[in-house]
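Every read-out reported here was derived from the displayed coordinates using simple, explicitly stated rules and does not represent laboratory data. Computed from a predicted structure; not experimentally measured. Cβ sites come from the backbone with ideal geometry, for glycine too, and all protein chains shown count toward neighbours.
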Amino acid sequence: MNGRSIIEAQAVRKVFPGKHGVTALERVDVDIPAGRFISILGPSGCGKSTFLRCVGGIERITSGSLRVRGREVNGPPEGIGFVFQRDALLEWRNIRRNLLLPVEFARKPLAQYRDKVEELLAMTGLADFADRYPHQLSGGMRQRAAICRALIDDPDLLLMDEPFGALDAITRDQMNIELQRIWMSTRNTVLFVTHGIAEAVFLGDEVMVFSPRPGRIARTLRIDLPRPRPLSIRETKAFGDYVAEIRDLFQQMGIFKERDNAPASGNLMEGKA
Amino acid sequence: MKGARHAHAIAAGSLSGLLFLIAWEVLGRWLEVKPVVLPLPTQILAEIIDAHDWYLDHSLFTLMTTLAGFALSVVLGVLIAAILVSSRLFERYLYPLIVALNNVPKVAIAPLFVIWMGTGTEPKIAIAFLIAVFAIIVDTVHGLRSVPPDVADLAHVLRGSWWQVFTKVNLPCALPSILSGMKIAISLALVGAIVGEFVSSQRGLGYVIMSAQGMFDTVRVFAALFILSALGLLLYAAVVWMEARFTAWRPAKEE
């Protein structure tokens, strides 16, 4: 409807068939304008990854309507980049050739992308590792390479499925800073799935909070913090207010039950503790 | 590192092989074993050197049959495996059939191939192929199934054609498995070639063994066996070399 919307979802429902058919998404309605960084936040198993995979055309929705750039999603749309939780690098290709994989699949001339490869590698500090193989790189470097691969053909939509979930906390902070820097130079639309509240607030123009299964969008928060945001912004009151607001929301949804004195989903709180 | 370890293994293997032959020679001489029962290694080597042209001709015949059967088993085995994993229906109904067929003693089928294909080279290649192909199929299916889900999703998102996904993602993923299947298949192909020559042949090392046996020429049987062992080792080493070459990207295995 809206000409500037890149993703339009109406009453999207996703049921995984099987003996105990699982309803992953129930009535998801959302209109995402182009050029924004959207964090998708929710507890584990709430369907946020499923939503991302539906947008990326990996999963098919059961009912409703899901459009990317005005066109109903029916298989992976053109011009998207996808970053997976585990980097999904091809172990038998060096980093340069991993970056060029999407170009090969699109049957475009590789020569035109030589400079782009060097530029991306330089931007992510991997310039000296172009000829190395994935197993020679650390987890953080591998994930940087995976992000470079997703950016190789300048996608206007970048889908990221808990891309830093497997990294340690310090590497994760570094990656957050870098991703922000990269995004400020590309300004494409990013859907960033995470279960870290601090990470979602730090990176997002908006945070879409999913409810526990079946996944619905419980609330969308605008994050009005100036960019570039330094890591120290996490100690500011404004940042803390956003985090507190989301935590309250999670509490209302019954995700945190502090009364029981249970070690309430500690992983959801990382970066804040 | 890798090369040094290989060289070390080869040196150790050669040394124990040599010690075995020396022990055989010494014990044979000491116990005065008759050559018709067990000839001495020196007698066997002398026989090979004596008639080296004749042995070379038969060895080449067996080698060609083995390589042809092996090549066919790799090409068709990978193809069959690719078809098997391409659909759940095939995998569910065809794969058990292939596993069942694998349990039929293939040596027992060999005479059938002579009926079908005559006494030329073709039935020998067919038997070598049949014995070797299952190792390729089983390991390739295993390899193709081991494509990580994230990598499969990536290939999907990149909108590749079936052929692109197969050649650029699935096949390289399966390559280490295919190569370990090839290591088994090469030895089996040699067995198949010999079995084919046993059944009916006028050429090849299998024929040499059968004809020498008829004349109680034990030295000649052992000469053929020596050459066969060397051939088997050489072929196996060639596949190991290929494996090292094509999986150089893999991290060095901890031992």
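Things to note:
- Helical contribution to [θ] at 222 nm, DSSP H n ≥ 4, -39,500 (n - 2.57), averaged over chain B, rounded to 500: -27500 deg cm²/dmol
- The range B:107-200 shape via C-alpha gyration tensor axes, a/c threshold 1.5: prolate
- The shape of chain A can be summarised by an equivalent ellipsoid whose semi-axes, obtained from the alpha carbon gyration tensor, come to 30, 24, 18 Å from longest to shortest.
- With the simple model of a label 7 Å out from the Cα in the direction of the Cβ, A:Ile233 to B:Ser14 spans 6.7 nm.
- Computed over chain A with a Gaussian network model linking Cα atoms closer than 10 Å, the most mobile of A:Thr23, A:Thr50, A:Thr236 is A:Thr236.
- Rounded Å value of the spacing that divides the Cα centres of the range B:178-237 and the range A:15-80: 61
- Each peptide in B:99-110, A:128-139, B:128-139, A:186-197 was scored by the mean count of other Cβ atoms within 10 Å over its residues; highest first, the order is B:128-139, A:186-197, A:128-139, B:99-110.
- When the convex hull of its Cα atoms is projected in every direction, mean area for the range B:52-246 (nm²): 12.5
- Contact order normalised by residue count of chain B, Cα under 8 Å, 6+ apart, percent: 27
- Charge tally in the Cβ shell below 13 Å around B:Trp116, where Lys, Arg are +1 and Asp, Glu are -1, B:Trp116 excluded: 0
- Distance from the range B:78-126 to the range A:86-148 (C-alpha centre basis), Å: 42
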